[in-house]
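Here's the structure, in C-alpha cells; my notes come after.
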Amino acid sequence: MAEMKVSVEMKDCGSSEKATPGSKEPTEDWAKVEYQAAQDSAHHHDSLVWQTTSIIWAGNLVMLGLIIKDNNVDTTSLHDLFIILGALGILLSLFVWSMQLQFRKIRNFKYKRCKEIEPVYHMKQHTDLPYCKGSQTCAYAVINMVFIAAWSWVLWYVC
C-alpha cells in the first residue's frame, strides 16, 4: 500500500508555509502557538497552587486561632470540634502539599517546552532566568510541616 503525504496550508496563522502532519519539527507559526499555550498553561498551574495555598493556609491560621483563643482546650465543650479541626487541618495541609508537587511538575514541563521553542525565535525569556532551584519548594515544605506539626500537637493535647 502506498503511503500518502498530506500537505496542509496554514492560513489561519497568517502563513502560506506548508506543514506535513506528523512531522517532528514544528513550523514557526505552530511553534508560536505552542509556546504561548505552554506559557499560559504554566502560569495557570502556578496560579492555582498559590491561590489554593493562600486559602488553605489562611483557613489553617483561623482554625488554629480558634483553638488558641480557648484557654481550656482539653476541658472545653468544644473538645470534639477541636479533634475534627485538627484532623481537617492535617488533611488540608497534606492536600495542598500534594497539589503543589503535582502542579509544579506540570508547570516545569510546560516551561521546559517553552525553553525548547525559544531558540526558534532567538528568545531567552525562560532560558537565562537566574533563580535558586528548589528554594521555594523547600520553604513551602517547611511551612506545611509546621502546620502539620501544629495540628498534630493540637490532636495530641486534646486527646
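We did not get these values from a lab; they are worked out from the coordinates using the rules stated. Remember, it's a predicted structure, so these values are computed and weren't measured experimentally. No Cβ is skipped: glycine too gets one built from the backbone with ideal geometry, and neighbour counts run over all protein chains shown.
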Zone of ILE83 (label point 7 Å along Cα→Cβ, backbone N under 13 Å): which residues in the stretch 133-159? 155-159
Quick one: putting +1 on the C-beta of Lys and Arg, -1 on the C-beta of Asp and Glu, what dipole do you get for the stretch 27-158 around its Cα centre, in Debye to the nearest 20? 300 debye
HN-Hα J couplings of the stretch 79-86 from phi, Karplus 6.51/-1.76/1.60, θ = phi - 60°, integer Hz, Gly and Pro as x? 3, 5, 5, 5, 5, 5, 4, x
Just how many pairs of Lys in the stretch 27-158 have C-alpha atoms closer than 25 Å, counting pairs that are eight or more places apart or on different chains? 15
Which of the three applies to the stretch 27-158, rounded, prolate or oblate, going by the alpha-carbon gyration tensor with a ≥ b ≥ c and a/c under 1.5 meaning rounded? prolate
Whole-Hz Karplus couplings 3J(HN,Hα) for the stretch 134-150, θ = phi - 60° and coefficients 6.51, -1.76, 1.60, Gly and Pro as x, run x, 5, 5, 5, 5, 4, 4, 5, 4, 4, 5, 5, 5, 4, 5, 5, 5
Phi to ³J(HN,Hα) by Karplus 6.51 cos²θ - 1.76 cosθ + 1.60 over the stretch 102-115, Hz, x for Gly, Pro: 5, 5, 5, 4, 5, 4, 5, 4, 5, 5, 4, 5, 4, 5
